[in-house]
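A short write-up of the structure that comes next.
The values are calculated or read from the model by the stated rules, or taken from the named source; none is laboratory data. Because the structure is predicted, anything quoted here is derived from the model rather than measured. Accessible surface areas use protein heavy atoms only, side chains included; no ligands, DNA or RNA. Shrake-Rupley method; radii C 1.70, N 1.55, O 1.52, S 1.80 Å.
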Amino acid sequence: AGAKNRPSEAAKKTAIRLKSGGWWELERAMLRVISLVVREMKPLGMEGMATFDPMAGIVLWREQRRAAAARRRAVAELYPHFEPEQVPDLEPLRMGVRHAAAAYGSLASLLQNNSMQDKAQGFVGAVQAALVAGDGDAVEARATAAAARSAGINPEDIVAADWCTLAFSPASYVALDHAAKTVVVAIRGTVSGGDLLTDACSTSVPFLGGWAHAGMVASAWQVVRIQMGATAKALAKNPGYSLLLTGHSMGAGVAACAVMLLRSSDADVAAAAEEGLAEARANDGVSQEAATGALDAIANVRCYCFAAPSVCSLDLSLAAREHTTSVVAGKDVIPRLCYASVRRLMRRLNSAAPSQPVMKAISNALGGGAKHLQSFGLGGGGGGGGSSSSGSP
C-alpha cells in the first residue's frame with residue numbers, strides 16, 4: 001500500500017518545479033549570461049560601451065556581404081570549372097530527424113512538415129499539457145502519446161520517457177523503432193527554463209581528454225544515468241538491434257556528448273548499463289549472449305545531430321566523425337554559437353562601432369581602465385572562464 005501511495009518521479013519533479021514557479025532557472029540563466037558579458041566587457045573599460053552601438057551591427061553586416069562577394073569572385077576566377085560537392089544520401093537521417101522532432105512531445109507536430117490540421121492538433125495538445133502541468137503523470141502520458149504519433153511508432157514502443165525535468169536534465173525517451181531495427185534515445189532541445197540554464201552554462205570543462213560545454217556535459221551525464229538502464233534492457237530484449245542517439249539544437253549537443261561517454265568505456269556508464277541488463281536477466285529471462293550483444297551495440301552507438309551547437313574542442317570533434325553525423329541547414333546560427341564565437345563577435349562589434357573612438361577618448365580623459373565600468377553598474381563579478389571550440393561534432 002505504501003508503494004502505491006508513493007509519488008512518481010514525474011510528480012516529484014513537477015512539485016519541485018511548481019514550488020519555484022519555474023522562474024528560478026530562468027533567473028539563473030539570465031544572471032549567467034550577464035556575468036559572462038560583464039567578464040568580457042570589464043577589461044575594455046569605458047571603451048567597451050561602444051560594443052552596444054546599434055550602428056556596429058550594420059557596419060559588420062556590410063563587411064560580411066563584401067567579404068562573401070569577394071570569395072565568390074575568387075572562386076569563379078581561380079576555379080572556373082568548380083562543381084559543388086554532390087549532396088550525400090540523406091535517407092538514413094530520416095529516422096533520426098523524426099525522433100529528434102518527436103522528442104519535443106506535444107510540440108512535435110508544430111516543428112514537422114505536417115498539415116495545418118496536424119499542427120492545430122499539436123497546438124491544442126501543447127495547451128492541454130500546460131493546463132495539466134501540475135499533474136506530472138498526466139504530462140508524461142500526453143507527451144509520450146504525442147511523441148509516438150510524431151515518430152510514427154506505437155506508444156508502447158516508447159519503453160522509457162522522462163518529460164518532467166529539472167535543470168541539467170533535458171527531456172528524453174527510449175524507443176524501439178522496429179522498422180529500422182534500432183533502439184533510439186531522443187533528447188529534446190531547449191523548451192524550459194532549466195534548458196535555458198543548460199545553454200547559458202557555456203564555459204568549458206575538461207571532458208574525455210579535451211574540453212566541452214559545461215551545461216551539456218552535465219546534461220549528458222544525467223541522460224546516461226536516467227536512460228542507460230532502459231536502453232541496455234531494450235537492446236538485450238531485441239537482439240540484433242543497433243543503438244542511435246539523436247536530438248535537435250541543445251538536445252543534439254547533449255546527444256553528441258552522451259555518445260562520447262558511451263564510447264569511452266567509462267566505469268559509471270558500464271555500471272548503469274549492467275543495472276538494466278541485470279533486471280532483464282531477472283525479469284525477462286534474457287540470456288548472457290543477448291546481454292553481451294547489448295553491450296556491443298552500446299559500444300558501437302551512432303549519433304545524428306540536427307543543428308547542434310558547438311559543444312566540444314576540435315580534437316574531440318575530429319574523433320567523433322567516425323560515429324556522429326552533424327546536420328547544419330545553411331546559415332543557421334545555432335551550430336556556430338559558442339562562448340568563443342560570442343566573444344569574437346563582441347570584440348568585432350567594439351572595433352567596428354563608429355562611436356568607439358569617442359568612447360576611447362572619454363576613457364582616456366577619465367584615466368582609462370576598467371574601474372569606470374563601476375559607475376555604470378558593470379563592474380560586478382564574472383562567471384567561469386574558458387571557451388567552447390568553434391567546431392561541433
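Computed as a quarter of the hull surface, the mean projected area of the alpha carbon convex hull for segment 222-349 stands at 8.7 nm².
Remark: segment 266-277, residue by residue, has Karplus-estimated 3J(HN,Hα) of 5, 5, 5, 5, 4, 5, 5, 5, 5, 4, x, 5 Hz, where x stands for each Gly or Pro and the curve is 6.51 cos²θ - 1.76 cosθ + 1.60 at θ = phi - 60°. Accessible surface for His213 stands near 10 Å², nearest 10, in the context of the full protein assembly shown (1.4 Å probe). Evaluated at q = 0.18, 0.19, 0.22 Å⁻¹, a Debye calculation over the C-alpha positions of segment 267-336 (equal weights, vacuum) places log10 I(q)/I(0) at -0.80, -0.83, -0.94.
Note the full-extension length gain between Leu314 and Ala267 as 0.36 nm times their separation in residues minus their Cα-Cα distance, in nm to one decimal. Working shown, then result.
Values: separation 47, 0.36 × 47 = 16.92 nm, distance 2.49 nm.
That works out to 14.4 nm of additional length.
Its relative contact order, with pairs defined as Cα atoms under 8 Å and 6+ residues apart, puts segment 225-355 at 31 percent.
The amide H of Val327, built 1.01 Å from its N in the peptide plane, has Cys305, Phe306, Ala307, Ala308 as neighbours under 5 Å, considering only residues 5 or more places off or on other chains.
If the segment from Ala278 to Val75 were pulled out straight at 0.36 nm per residue, it would be longer than the present Cα-Cα gap by 67.2 nm.
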